[in-house]
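The values are calculated or read from the model by the stated rules, or taken from the named source; none is laboratory data. Computed from a prediction, not measured in an experiment: that's the story for all the values here. Neighbour counts run over all protein chains shown; Cβ positions are idealised from the backbone, glycine included. For the accessible areas, the whole protein counts, side chains as well, though only heavy atoms, and no ligand, DNA or RNA atoms are used. Shrake-Rupley method; radii C 1.70, N 1.55, O 1.52, S 1.80 Å.
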Amino acid sequence: MKLRELAHSRTGDKGNIANISVIAYRAEDYPVLVKNVTAERVKDYFSEIFEGEVVRYELPLLGAMNFVLYDALGGGVTRSLALDKHGKSLSSALLDMEIS
Amino acid sequence: MGNETSIRIGSGAGYSGDRVEPAIDLAQRGRLQYLVFECLAERTIALAQQQKAKDPTRGYDPMLEDRMRAILPVCHGNKTKIITNMGAANPLGAMERTAAIAEELGIKGMKIAAVMGDDVLEALKQDTHSLLESGQPLASLGHTIISANAYLGAHPLVEALQGGADIVITGRVADPVLFTAPLIYEFGWDMDDFKLMGQGVVLGHLLECAGHLTGGYFADPGYKEVPDLHRLGFPMAEVSADGSFTLSKLDGSGGVLNLATCKEQLLYEIHDPAAYYTPDVIADFSSVILQEAGKDRVAVTGGNGIPKSGKLKVSVGYTDGYMGEGQISYGGPGAEARARLALKIIEKRLQAYKNEYEEIRYDLIGANSLYGEKISTGNPYELRVRVAARTSKREAARRIGNEVEALYTNGPSGGGGALKSLQEIVAIQSVLIDGQLAETRVHYKVT
């Protein structure tokens, strides 16, 4: 199953750091997300486009997780050569991740 | 003040270029005491400083004129106060312009405040600081520095409200402060009550992107439906003296406000949810409780906080060379092979000038520009070649677009729609300074 079936997501940016929220539609699915979408998997998933560290924060009260991606935006919004300098489209790709 | 039981605050803009009608609708029908316009992105203030250097009367938000003209009459009529960072690099200039617009519109007795003190460029020169991003000393940026603006806390805004301001115009302040200042003023909050201040930051963070909370930037057909995005309503909050608040939007406006939209916005642009740094408090979002309170209504409690660090973050804007870019499209059968051949040609052409560029990037829009090759799948029927490069030399930047354009007569068959651009890069890094270095003061003008 794809992550998109259980969760929604939004990317934000600050300097050269991106964050991606992963939020369960239903509270009962939150443990599945915690088990499947680890910091290591997210780092591996995006390994071709950035090499920085990924830190995961868990928010059980909201049924959500926040992933912080360091050195992820090609030097930051103001100097990146990328078409999507903010990394805003990252969240849509993450939702295509396979989970079980 | 200090005797109010609840305050109604609306969010009138999520960025400088945002739509104007939703704010007018809120001002007309929202029964608001305050309408806030957050219009200053990370880099905008550096661009505004450049503008002010050319013309000392400018350097405030380019939309100020249109917004104030549209909003002043209705806010004046409904006794709704306006708080905004549309002052950008020139709050005094924005105050003067706003006063002139009010007078033109025949609005008498309106008190406008300009909050000054975020510009710390001079103060920074007297001290040594390290850049948070590169670790290099600030001095390494040398003469390329354009601006240094500290993210101020709520104090000077509260002072302006105590001074009787109907409109408070700031430059750089921490975004949530635009929303916490009226709460501190109206409820007489103790700014050392970090639980209250933390909950106030939760309010500010949820409202500061306006339409983000009411279904803007949220729709995903088949998964997340949002009605009537073409006439999206902006959010407002009814806040109690204990900091708890209920978010809502106007009946009849487009969009949706629910638990899911609130969660996406709460986690937007934050790192550790338990430690969101602001000048007045380190806020804790991890304890926040959201409860559905009717259609398009969500109640918010539980925000928390711990004492502030005493440091202020300063955005330092500097020129960082040039970016040149060129694009051209290929379509139909064999589009990808021709587009890849085009990129190969440019790459070989630029080989001779390699040492003039810091970085060159080759994209196939439609195939790999967002996610690289690994994640992307499928065979698009049309593709757009894109080459972008950063360099300290203007001419080297210009060469990029010219080379791509020359594919018309020198490249693969069927290339179309070439575009080229050249721009000076204004980049941002940050330093932390001692809070005392930013000396704030408030100026007033009465129409």
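Annotations for the structure displayed:
- B:ALA388 meets each of the listed conditions (1) aliphatic (A, V, I, L, M); (2) assigned by TED's automatic domain parsing to the domain that holds B:LEU341; (3) open to solvent by 50 Å² or more (accessible area, probe 1.4 Å) apart from (3).
- Residue within the stretch B:426-447 that is of a type in the set (Asp, Glu) and either surrounded by 16 or more Cβ atoms within 10 Å (Cβ to Cβ) or closer than 28 Å to A:PHE50 by Cβ (or both) present: no
- Enumeration of residues in the stretch A:1-20 that are away from every other protein chain (no Cβ under 11 Å) and assigned to a helix (DSSP H, G or I): A:LEU3
- Within the stretch A:42-68, the set of residues being farther than 12 Å from A:LEU90 by Cα and part of a loop (DSSP other than H, G, I, E, B) comprises A:SER47, A:GLU48, A:GLU51, A:GLY52, A:GLU53, A:PRO60, A:LEU61, A:LEU62, A:GLY63.
- Residue list for the stretch B:360-382, restricted to those being of a type in the set (Gly, Ala, Ser), out of contact with any strand residue (DSSP E or B) (no Cβ under 9 Å at 6 or more places or on another chain) and either part of a strand (DSSP E or B) or more than 9 Å from chain A (Cβ to nearest Cβ) (or both): B:GLY378
- Hey, B:ASP18 open to solvent by 50 Å² or more (accessible area, probe 1.4 Å) and either within 14 Å of chain A (Cβ to nearest Cβ) or closer than 19 Å to B:PHE234 by Cβ (or both) or not: no
- Of the listed requirements (1) over 21 Å from B:GLY153 (Cβ atoms); (2) in contact with a strand residue (DSSP E or B) (Cβ under 7 Å, 6 or more places away or on another chain), B:ALA53 misses just one: (2).
- Number of residues in the stretch A:79-100 that are in a helix (DSSP H, G or I), at the interface with chain B (Cβ under 9 Å from one of its Cβ atoms) and polar (S, T, N, Q): the value is 1.
- If the condition is being open to solvent by less than 60 Å² (accessible area, probe 1.4 Å) and either on the phi > 0 side of the Ramachandran plot or in contact with a Lys or Arg (Cβ under 9 Å, 6 or more places away or on another chain) (or both), then the stretch B:47-77 contributes B:ALA48, B:GLY59, B:TYR60, B:ASP61, B:LEU64, B:GLU65, B:MET68, B:CYS75.
- Filtering the stretch B:267-286 to residues that are touching a helix residue (DSSP H, G or I) at 6+ places or on another chain (Cβ under 9 Å) and at the interface with another protein chain (Cβ under 7 Å from one of its Cβ atoms) leaves B:TYR268, B:GLU269, B:ILE270, B:PRO273.
- Among the candidates B:GLU133, B:GLU104, B:GLU42, residue that is modelled with pLDDT of 95 or more and either open to solvent by 10 Å² or more (accessible area, probe 1.4 Å) or polar (S, T, N, Q) (or both): B:GLU104
- Test for B:LYS344: is it at negative phi, in contact with a Gly (Cβ under 8 Å, 6 or more places away or on another chain) and open to solvent by 50 Å² or more (accessible area, probe 1.4 Å): no
- Of residues in the stretch A:21-78 being within 8 Å of another protein chain (Cβ to nearest Cβ) and open to solvent by 70 Å² or more (accessible area, probe 1.4 Å), the one nearest to B:GLN429 (Cα to Cα): A:GLU48
- Selection count, the stretch B:177-195, where residues are in contact with a helix residue (DSSP H, G or I) (Cβ under 9 Å, 6 or more places away or on another chain) and touching a residue at least 60 places away in the same chain (Cβ under 8 Å): 11
- Any pair with Cβ under 8 angstrom, 6 or more apart, that starts in the stretch B:383-406 at a residue that is over 22 Å from B:GLU336 (Cβ atoms) and in a loop (DSSP other than H, G, I, E, B) and ends at one that is open to solvent by 10 Å² or more (accessible area, probe 1.4 Å) and of a type in the set (D, E, K, R): B:SER392/B:GLU358; B:LYS393/B:GLU356
- Listing of helices (runs of 4 or more DSSP H) fully contained in the stretch B:1-109 that carry 1 or more residues being farther than 24 Å from B:LEU203 by Cα: B:44-54, B:64-78, B:91-104
- Within the stretch A:43-71, the set of residues being under 11 Å from the mean Cα position of the chain (by Cα) and not aromatic (Phe, Trp, Tyr) comprises A:LYS43, A:VAL54, A:VAL55, A:ARG56, A:MET65, A:ASN66, A:VAL68, A:LEU69.
- Exactly one residue out of B:LEU157, B:LEU196 is touching a strand residue (DSSP E or B) at 6+ places or on another chain (Cβ under 9 Å), part of a helix (DSSP H, G or I) and open to solvent by less than 10 Å² (accessible area, probe 1.4 Å), and it is B:LEU157.
- Each residue in the stretch B:299-310 was checked for being open to solvent by less than 40 Å² (accessible area, probe 1.4 Å), more than 12 Å from chain A (Cβ to nearest Cβ) and aliphatic (A, V, I, L, M), and 1 of them qualify.
- Residue in the stretch B:251-261 that is away from chain A (no Cβ under 14 Å), open to solvent by less than 30 Å² (accessible area, probe 1.4 Å), modelled with pLDDT of 95 or more and in a strand (DSSP E or B) present: yes
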